[in-house]
1. Report Rg (one decimal) and Dmax (nearest whole number) for the chain, counting Cα atoms only, units Å.
2. Give, rounded to the nearest 20 debye, the magnitude of the charge dipole that the chain has about its Cα centre when Lys and Arg contribute +1 at Cβ and Asp and Glu contribute -1 at Cβ.
3. Among the GluC sites (Glu not before Pro) within the stretch 199-291, which fall in a DSSP loop and have no more than 12 other Cβ atoms within 10 Å of their own Cβ?
4. Angle between the Cα long axis of helix 237-251 and the longest principal axis of the chain, 0 to 90 degrees, nearest 10?
5. Output the antiparallel fraction of DSSP beta bridges having both residues in the stretch 79-173, as a percent to the nearest 5.
6. Taking a virtual spin label 7 Å from the Cα of V288 along the C-beta vector, which residues in the stretch 200-229 bring their backbone nitrogen under 20 Å of it?
7. Counting only DSSP beta bridges with both residues in the stretch 121-204, tell me the antiparallel percent, nearest 5.
8. Extension gain V96-E36, at 0.36 nm per residue separation less the Cα-Cα distance, in nm?
Amino acid sequence: MTINSVGVVGAGQMGNGIAHVMALAGYNVVLNDISEDALKRAIDLIERNLDRQVSREKITQDDRDQAMARIVTSKDLPEVAKTDLVIEAATEEETVKQKIFDALLPHLADNTILTSNTSSISITRLASRTDRPEKFMGFHFMNPVPVMQLVELIRGIATDKETYQTCLGVVEKLGKTAASAEDFPAFIVNRILMPMINEAVYTLYEGVGNVNSIDQSMKLGANHPMGPLELADFIGLDTCLAIMNVLHDGLADTKYRPCPLLTKYVEAGWLGRKTQRGFYDYRGDTPVPTR
C-alpha cells in the first residue's frame, strides 16, 4: 500500500524527531500528545533543528518551510487514526502503549498500519490486543532521530509481508537504513547496548573505576564516541532500567539483572540530561560526575 500520511503519538524526545524526518521526506504528519505544552515544545524544537540543517546546508529553506507546513498537531487521538501509518512513540510502559492502541482502534481505517517505536517490548504481545496483528510491527528509531541512520523493523509473529515491505519502503524514503529484527526482548541494538551500559554501572557500583575513568576508558580504549555512563544519561536512566527489566524478565538470565545503583539513581529521580542530574550533574556550565 502507499503511505501518504503518518500519525505520531507522543511529542517527546522520539516523537518530535520522527515527525521531523517524516515531514522532511514528504509525508503529511499529525503529531499527537495529551499535553498542549508538549506539542508546542515539539514544534519549537523541530523548527530549531530544521533551521540548523538549513544553516549547515543539509537542506534548503524551501525544504524547511514545506516540512513545517506538513505538520499539524492535535490532542485528539481520532485525528491520528485517519492517517495511513501510525507510529506510537509514547513512554516505554506497556500499559500506556496498550491504552493508546485501544483508544485508536475504533477510529482506524481498514488499511491503516499500526507500529510502535518501542525499544524493547514484545511486538507480538502489543499486536495481539488489536484488531490487526497482521498490520502491526515495530518501527524503532534511534535517538536523535534526524541524525541516526538506523531503523529497526521488528515483525511480530503475525505481521504479514505487505506490512513489512510497506514500512521498509518508508525507511528507504527517509534515506535511512533498516535492520530487520526478530521479536525477542530488546531486539538487536538494545540487546547488545543495554547490558554494556549496565555492566559499566556495575563497574562504578563495585568501585573498579569512577564515572570519569569508566567513560574515558571506553572512549579512548574502545574508540566509542560517548562513554557508557554519558550515553546512559543521554538515553535516560529510567529508559535504561526499563529495558534491562524487560531483558531480565523476558530471558530469565541473571546476566541481565539491573545494577542496584542504576535502580537507586532512578528512584532518586536522577534520570540523566532530561532531569539535569544522572551520572553527571548538568546544572553548571560543564557536566560534573556525580560519583
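1. 19.3, 56
2. Dipole about the Cα centre, nearest 20: 360 debye.
3. Answer by residue number: E206.
4. The angle comes out at about 80 degrees.
5. Details: 5 of 12 bridges.
Of all bridge pairs located within the stretch 79-173, approximately 40 percent are antiparallel.
6. The answer is 210-216, 229.
7. 45
8. Full extension of this stretch gives 19.8 nm more.
Rule-based calculations on the coordinates, nothing more; no lab input. Please read all numbers here as calculations on a predicted model, not as lab measurements. Neighbour counts run over all protein chains shown; Cβ positions are idealised from the backbone, glycine included.
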